[in-house]
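*Asks:* The structure that follows is given in the form of structure tokens.
The values are calculated or read from the model by the stated rules, or taken from the named source; none is laboratory data. Predicted, not measured: the structure shown is a model, and the values here were computed from it. When we count neighbours, we look across all protein chains shown, and the Cβ atoms used for this are built from the backbone with ideal geometry, even at glycine. Side chains included, ligands, DNA and RNA excluded: accessible areas come from the protein's heavy atoms. Shrake-Rupley method; radii C 1.70, N 1.55, O 1.52, S 1.80 Å.
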Amino acid sequence: QVQLVESGGGLVQAGGSLRLACAASGRTFSDNVMAWFRQAPGRDRELVANIGWSDTNTYYRESVKGRFTISKDAAKNTWYLQMNNLKPEDTAVYYCAATFGLWIGNPVQKTDYTFWGQGTQVTVSS
């Protein structure tokens, strides 16, 4: 059984930092694209960042560029989202996700991803 478990969410003041982790089990994610999504109340789930088989192959939505960093540890089958200079608009439930297999292009839609974690709440106060 494939499981993705997020951790690291919490309440932080604006300008603070959090580090999210996604620990996967039941499957080794190698050629898969690994990602972080977020969903605020009343809004659609949106891609925050993803990372491909190469550590240098990363994508960030414009609003988090320069503040968030996605990384992975293949040996631990885990990926991370370092979030710095957090803003109130970053408040959301954050989900980790992975595609079923290799992607040539950049998967940016939630429907591109097969495996999902349960979500972890990130709340940023003013």
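*Asks:* Among L47, L86, L102, whose mean-square fluctuation peaks in a Gaussian network model of the chain (Cα, cutoff 10 Å)?
*Replies:* Per the Cα network of the chain with a 10 Å cutoff, L102 tops the list.
*Asks:* When the chain is treated as a GNM, springs tying every alpha-carbon pair under 10 Å, which of V48, V93, V33 comes out with the largest mean-square fluctuation?
*Replies:* Sorting by GNM fluctuation, first place goes to V93.
*Asks:* Would you work out what percent of the accessible area of the chain, with all protein chains in place, is carbon or sulfur (probe 1.4 Å)?
*Replies:* Working: 3160 of 6570 Å².
After summing per-atom areas, the C and S share lands at 48 percent.
*Asks:* Over the range 21-73, what is the relative contact order in percent, taking alpha-carbon pairs closer than 8 angstrom and at least six residues apart?
*Replies:* The normalised contact order for the range 21-73 reaches 25 percent.
*Asks:* What does the accessible area per residue of the chain come to in Å², with a 1.4 Å probe and no ligands, DNA or RNA counted?
*Replies:* That works out to 52 Å² for each residue.
*Asks:* How big is the accessible area of W103 in square angstrom, nearest 10, if you roll a 1.4 angstrom probe over the protein chains?
*Replies:* Accessible surface of W103 is approximately 100 Å².
*Asks:* What distance in nm separates the two pseudo spin-label positions at A14 and R43, each 7 Å out from Cα along the beta-carbon direction?
*Replies:* 1.5 nm
*Asks:* Among all the aspartates and glutamates, which ones have a C-alpha under 15 Å from K72's C-alpha, if same-chain residues fewer than 8 places away are not counted?
*Replies:* Those aspartates and glutamates meeting the cut-off are E6, D31, D55.
*Asks:* Which lysines have a Cα less than 17 Å from the Cα of K65, not counting those fewer than 8 places away in the same chain?
*Replies:* Candidates past the 8-residue exclusion: K87.
*Asks:* Lys and Arg at +1, Asp and Glu at -1: add these up for the other residues within a Cβ distance under 13 Å of W103 and post the number.
*Replies:* On the way: positive: none; negative: D31, D112.
With Lys, Arg at +1 and Asp, Glu at -1, the net is -2.
*Asks:* Cross-link partners among aspartates and glutamates for K110, C-alpha distance below 12 Å, same-chain residues fewer than 8 apart left out?
*Replies:* D44, E46
*Asks:* Between G15, G42, G101, which gets the highest mean-square fluctuation from a Gaussian network model of the chain, Cα cutoff 10 Å?
*Replies:* Taking springs between Cα atoms under 10 Å, the residue moving most is G42.
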